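Below is one structure, written out as structure tokens; the observations come after it.
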């Protein structure tokens, strides 16, 4: 029996690989191997006071650290029934947009684009296409500026606390952000040009199910507590408290990440899923962007997730600017976090991290110490869908040469923008 | 003169320190013109995983045999090995309770199958191999990384603050969160260098940079107890990012 083995995926966050077994013309086992070490953080966090939980669990992943922090706080605040102020809601959403801008720019320009153009890295690509790499760097920096200003640090935000924020930004800081975001708006066209110019890739064509947070305000990632699944014409809704219906995970030996399905079927989360679920928002600039990228929904090609990220990059910058203008118009108030009164109970927080649905669910005792933590990450939710798409990729490839298969498999893997540190989450068995 | 060869590696962690390197947006292209990055899996799909390295930058903690073997192989290749970030320097969050029964935890989380996983009590890089330079922080500060590269290019040893976060916080004229507001702030025993990011935003220091070299935990413990915190809460806070006995 022949196998295609990608020992160690490059240009992704964390440590993982792919193994595909070929038995004559048919495809045997397909594994997305996750060998990122188990840190057991969800067990280790037990016993900690409620205000220590977010700083610890944000360390699950750096690229999504704002999402982990805020989803953690959402779960904790839900457990205690804490209501944060409308201003804090806006600031949290702005922080999310900043993270998404940084993450999408990093992924599109540094991790994914080099593949399409046959370069090993963005550093190598910089010699041939300096403008594209500079553009990616500028947008990354813009996302980081938002995160530094609102979160207090670009990686592992320090300013987000139960009840709101340690300190709110000053008017001068918001004006600085507004200027930077306006410059970012001017870069959007170039983003679409770069992504539209990449060679078309269609390695695996198949029906795909999608799941994303139903966004009450369409373009937002933070508010909302209901997930919608779209599977061909079928639409199902799952409330935050019932998240286990999505994350009916199974341990598998080849991976420290568990596998999820809904109704026995794998589903995809992330940019493409968000656009598919919240399709009503695709008007104006976004509709134009979709057209420029020839992106049609629902997509039957996981590589389209890269295009969806480019559309979101445009919408994130637009929305972040809108939020900053809103905050400046209303006048920012120097407010303290809402008071937290601890009580025994359970709380769940669901948000959209850059890579898709992120769920934190906690149980607290009456003294505000955490007794159980459950974290479900986008890459873990995606693992089964990735394996399905790896299988289709090999099935639909006329060639059996290992180098060709390996390249295609890696490109499909990267299109998911996997975050493997995130995927090694620890869920207590139910 | 040929450019120094550099490898950038991640053991088990969040990749945050490698991300800080990629976040040097204004310096990144200059940086890669001064050093020859041969092995950087997070950023490149073409790596020489065998060549000798003038400098190896290693982030993350050792939580498995696989990590330990990888680290020993890196050490053999490298003239200078730099531990990058709190996980590499101290063990980080994964080391916070390393006395716990690993098998029990694995079984709790993954069921019987967990017992087959390659998993060991978390260790810092210096517990496995010799480390030539520590750059702490969770994540590292951008300017500390850039200074280290500049210094190493010039043959100098980088120097980092050897005073606590409190010193930086006082320079910024902040009100003291511990004394004036009775919060569990780890500033007095935590290594400075972050410009007191957290207390400067009215948020208590969580000690993410690890202990300062002349830390006096017993005096902090007394101060906390005076403020009415129980020992369990204090102990949990103090060993979040660096395990007990992890001092080097």
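The values are calculated or read from the model by the stated rules, or taken from the named source; none is laboratory data. All figures in this text were calculated on a predicted structure; none of them were measured in a lab. Using ideal geometry, Cβ is built from the backbone for each residue, glycine included, and neighbour counts are taken over all protein chains shown.
State yes or no: is residue A:367 within 14 Å of another protein chain (Cβ to nearest Cβ), surrounded by fewer than 19 Cβ atoms within 10 Å (Cβ to Cβ) and part of a loop (DSSP other than H, G, I, E, B)? It is true that residue A:367 is within 14 Å of another protein chain (Cβ to nearest Cβ), surrounded by fewer than 19 Cβ atoms within 10 Å (Cβ to Cβ) and part of a loop (DSSP other than H, G, I, E, B). Picking from residues in segment A:110-161 that are assigned to a loop (DSSP other than H, G, I, E, B) and more than 7 Å from every other protein chain (Cβ to nearest Cβ), the one that is surrounded by the fewest Cβ atoms within 10 Å (Cβ to Cβ) is A:118. Of all the numbered requirements in (1) farther than 23 Å from residue A:89 by Cβ; (2) at pLDDT 95 or above; (3) surrounded by fewer than 21 Cβ atoms within 10 Å (Cβ to Cβ), residue A:191 misses one, and that requirement is (3). Does at least one position in segment A:38-51 carry a residue that is more than 9 Å from chain B (Cβ to nearest Cβ), closer than 30 Å to residue A:328 by Cα and out of contact with any strand residue (DSSP E or B) (no Cβ under 6 Å at 6 or more places or on another chain)? The answer is no, given that none of the residues of segment A:38-51 is more than 9 Å from chain B (Cβ to nearest Cβ), closer than 30 Å to residue A:328 by Cα and out of contact with any strand residue (DSSP E or B) (no Cβ under 6 Å at 6 or more places or on another chain).
Has segment B:121-141 got at least one residue that is more than 10 Å from chain A (Cβ to nearest Cβ), in contact (Cβ under 8 Å) with a residue 40 or more places away in the chain, part of a loop (DSSP other than H, G, I, E, B) and out of contact with any helix residue (DSSP H, G or I) (no Cβ under 8 Å at 6 or more places or on another chain)? For segment B:121-141, residues more than 10 Å from chain A (Cβ to nearest Cβ), in contact (Cβ under 8 Å) with a residue 40 or more places away in the chain, part of a loop (DSSP other than H, G, I, E, B) and out of contact with any helix residue (DSSP H, G or I) (no Cβ under 8 Å at 6 or more places or on another chain): present. Of the residues making up segment A:162-213, those that are more than 30 Å from residue A:359 (Cα to Cα) and assigned to a loop (DSSP other than H, G, I, E, B) are A:170, A:197, A:198, A:199, A:200, A:201, A:202, A:203. Would you call residue B:150 in contact (Cβ under 8 Å) with a residue 12 or more places away in the chain, within 30 Å of residue B:34 (Cβ to Cβ) and in the same structural domain as residue B:27 (by TED's automatic domain parsing)? So residue B:150 does not fit the description; no. With respect to the stated conditions, residue A:332 is touching a helix residue (DSSP H, G or I) at 6+ places or on another chain (Cβ under 7 Å) and part of a loop (DSSP other than H, G, I, E, B).
Of all residues in segment A:296-325, which are surrounded by 23 or more Cβ atoms within 10 Å (Cβ to Cβ) and not in a helix (DSSP H, G or I)? Within segment A:296-325, A:302, A:303 meet the criteria.
Look at (1) out of contact with any strand residue (DSSP E or B) (no Cβ under 8 Å at 6 or more places or on another chain); (2) buried (at least 18 other Cβ atoms within 10 Å of the Cβ) and you find that residue B:125 fails only one, number (1). Please verify whether residue B:223 is outside any loop (DSSP other than H, G, I, E, B), within 16 Å of the chain's Cα centre (by Cα) and touching a residue at least 24 places away in the same chain (Cβ under 8 Å), treating the condition exactly as stated. No, not satisfied.
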